[in-house]
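First up is the structure itself, then whatever we jot down about it.
The values are calculated or read from the model by the stated rules, or taken from the named source; none is laboratory data. Note that the coordinates shown come from a computational prediction; the quantities given were computed from them, not determined experimentally. Methodologically, a virtual Cβ is constructed for each residue, glycine included, from the backbone with ideal geometry; neighbour enumeration extends over all protein chains shown.
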Amino acid sequence: MRIAISGAGVAGPTLAYWLTRAGHEATLIEVAPQLRTGGYVIDFWGLGYEVGCRMGLEQTIQDRGYHVRSIRSVTRRGRTRANLSTSGFRRATGGRFSSLPRGDLASAVYSTIDGEVETVFGDSITAITEHEAGVRIDFRHGRTREFELAVGADGLHSTVRRLAFDRAGAAEHYLGCLVAAAVVDGYRPRDDLVYVTYSAPGHSVGRFALRDDRTLLLFVFRCDRPNVPDHHQDRLAVLQREFLGLGWECPAMIDALRGVDDLYFDAVSQVRLDRWWRGRTALVGDAAASISLLGGEGTGLAMTEAYVLAGELRTHSDHRQAFEAYQARLGPFIAAKQAGARRALSTFAPKTALSLVFRDAAMRVMATVPGADRLLTRSLSDDLELPDYPM
Ligand SMILES: Cc1cc2nc3c(=O)[nH]c(=O)nc-3n(C[C@H](O)[C@H](O)[C@H](O)COP(=O)(O)OP(=O)(O)OC[C@H]3O[C@@H](n4cnc5c(N)ncnc54)[C@H](O)[C@@H]3O)c2cc1C
């Protein structure tokens, strides 16, 4: 089948890889003029890591990744409140864990299909019209084309989801937080391989030192409404208003953002849909079921969904049966991950001073009490076996 995939992030190219292996012809359509690079750092483990291994990417993931040693929570004056070594994470995952820029993972995945799969950059789907034998797809720039199936892998604010499933945007559930992230040059101080974080009620900031004297800065704060300003200066003004008076390195961090031209700023949301497919169109990755950054596993799950979708299309000759099997296999598993991510909100941005004290106390317990590792292993484990498909 000829299958159009909207979005060349993580899920899209993974799907294109496995569809190609299964004998289909995939076309990727990416709205950006080229592959998005860099960006915030993601933790990567679990089933998605296994999918990456099956794609021959383990060495690249380890080489491009950082072996974070600890997560350090500090006071307003920079004194350590709690320090959690990540050795437990490593033990819990058998070393199959890496932290790397999202763009590095995306480009590693894309390298597996580069030159083999048609990719249309700088375009976007504007209409999907289904008929007996396939789908007719209109583009913002390119000519109308025919495919047998369409897949939305175009992220949290998916255009395909809006066109084919959810015109009103009811599937996107705001979790009450906004997030901003940027990579800046030459920031001081640096603490290699330590994620340093500071929280005040409803607000959290963090920094992580990257190679080549760059630093990732992350801001999360509670906000009643998902108000995401369109323009860089307005985004900066919001961050300034929220963080400038909070102490620690907040003023320096805000200052460092001024020279940045790629400031990520978005609502923290989940996508919840009863069905990930309709007719000849399906969704995958964040477009289908974003768990949000609070789950810390969105990329891995996006790759798992892509792998299973391709596998089910390989196994069933009827696309409806394949789509149904895809959702039946993963739906409950992803719903449980989403519930876990919602519970993590109190850890990411504790609402009150008291909940902050509890959070740091929990970190200290994890760091010192024997056996706390087992809790971690349970929270990191994926309650699902990755199926094997003939592809
Ligand atoms: C700050 C932050 C921290 C995170 N931390 C982690 C973490 O630690 N671990 C983890 O696993 N996950 C993390 N995540 C989540 C993770 O980034 C996502 O779950 C993952 O990127 C989803 O992959 P995807 O391919 O579905 O979507 P994306 O990676 O968002 O890719 C979507 C692609 O579609 C393209 N696109 C958008 N609209 C269109 C259109 N109309 N037409 C064509 N193309 C389009 C985009 O340009 C993009 O290339 C984090 C997210 C954030 C915001």
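Taking the residues in the range 4-20 that are out of contact with any Phe, Trp or Tyr (no Cβ under 7 Å at 6 or more places or on another chain) and in a strand (DSSP E or B) as candidates, determine which candidate is farthest from the ligand (Cβ to nearest atom). Step through it out loud before you land on a result.
Just the residues of the range 4-20 that are out of contact with any Phe, Trp or Tyr (no Cβ under 7 Å at 6 or more places or on another chain), to begin with: 5-7, 9-12, 15-17, 19-20.
Narrowing further to those that are in a strand (DSSP E or B): 5-6.
Numbers: Ile5: 9, Ser6: 5 Å.
Among those residues, the one meeting the criterion is Ile5.
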Number of the condition not met by Ala209 [criteria: (1) surrounded by 18 or more Cβ atoms within 10 Å (Cβ to Cβ); (2) in contact with a strand residue (DSSP E or B) (Cβ under 7 Å, 6 or more places away or on another chain); (3) touching a residue at least 24 places away in the same chain (Cβ under 8 Å)]: (3)
Top-ranked residue in the range 21-43 [being surrounded by fewer than 16 Cβ atoms within 10 Å (Cβ to Cβ) and assigned to a loop (DSSP other than H, G, I, E, B); ranked as farthest from the ligand (Cβ to nearest atom)]: Gly23
Output for the range 288-299, where each listed residue is more than 6 Å from the ligand (Cβ to nearest atom) and among the hydrophobic types (A, V, I, L, M, F, W, C): Ala288, Ala289, Ile291, Leu294
Test for Ala252: is it assigned by TED's automatic domain parsing to the domain that holds Pro201 and under 14 Å from Ala181 (Cβ atoms): no
Leu313 outside the structural domain of Leu218 (by TED's automatic domain parsing) and within 13 Å of the ligand (Cβ to nearest atom): no
Matching residues in the range 86-107 - criterion: being among the small types (Gly, Ala, Ser), away from the ligand (no atom under 13 Å from the Cβ) and in contact with a helix residue (DSSP H, G or I) (Cβ under 6 Å, 6 or more places away or on another chain): Gly88, Ala92
Odd one out for Ala302 among (1) near the ligand (Cβ under 7 Å from one of its atoms); (2) touching a strand residue (DSSP E or B) at 6+ places or on another chain (Cβ under 9 Å); (3) not assigned by TED's automatic domain parsing to the domain that holds Arg207: (2)
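For the structure I just gave you, tell me whether Ala341 is surrounded by 16 or more Cβ atoms within 10 Å (Cβ to Cβ), in contact with a His (Cβ under 6 Å, 6 or more places away or on another chain) and not in a loop (DSSP other than H, G, I, E, B). Can you show your working first?
Details: surrounded by 16 or more Cβ atoms within 10 Å (Cβ to Cβ): yes; in contact with a His (Cβ under 6 Å, 6 or more places away or on another chain): no; not in a loop (DSSP other than H, G, I, E, B): yes.
Considered against the rule, which asks whether it is surrounded by 16 or more Cβ atoms within 10 Å (Cβ to Cβ), in contact with a His (Cβ under 6 Å, 6 or more places away or on another chain) and not in a loop (DSSP other than H, G, I, E, B), Ala341 comes out as no.
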Residues (among the small types (Gly, Ala, Ser) and more than 29 Å from Phe89 (Cα to Cα)) located in the range 288-343: Ala310, Gly311, Ser317, Ala322, Ala325, Ala328
Residue count for the range 5-33, restricted to those that are more than 18 Å from Phe147 (Cα to Cα) and in contact with an Asp or Glu (Cβ under 9 Å, 6 or more places away or on another chain): 5
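Out of Asp383, Asp360, Asp318, which single residue is at pLDDT below 95 and more than 24 Å from Arg81 (Cα to Cα)? Steps first, answer last, please.
Numbers: Asp360 fails: more than 24 Å from Arg81 (Cα to Cα); Asp318 fails: at pLDDT below 95.
Sole residue among the options that is at pLDDT below 95 and more than 24 Å from Arg81 (Cα to Cα): Asp383.
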Residue list for the range 138-182, restricted to those being farther than 20 Å from Ile291 by Cα and not assigned by TED's automatic domain parsing to the domain that holds Ala127: Ala182
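Residue by residue, here is whether (1) hydroxyl-bearing (Ser, Thr, Tyr); (2) assigned by TED's automatic domain parsing to the domain that holds Val183; (3) closer than 21 Å to Thr299 by Cα; (4) away from the ligand (no atom under 12 Å from the Cβ) holds:
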| position | (1), (2), (3), (4) |
| --- | --- |
| Asp212 | no, yes, no, yes |
| Phe219 | no, yes, yes, no |
| Arg222 | no, yes, no, yes |
| Asp234 | no, yes, no, yes |
| Ala237 | no, yes, no, yes |
| Arg241 | no, yes, no, yes |
| Trp248 | no, yes, no, yes |
| Asp261 | no, yes, no, yes |
| Thr281 | yes, no, no, yes |
Among (1) surrounded by fewer than 16 Cβ atoms within 10 Å (Cβ to Cβ); (2) of a type in the set (Ser, Thr, Tyr); (3) within 12 Å of the ligand (Cβ to nearest atom), the one test that Tyr174 misses: (3)
Any pair with Cβ under 8 angstrom, 6 or more apart, that starts in the range 81-109 at a residue that is of a type in the set (A, V, I, L, M) and ends at one that is in a strand (DSSP E or B) and at pLDDT below 90: none
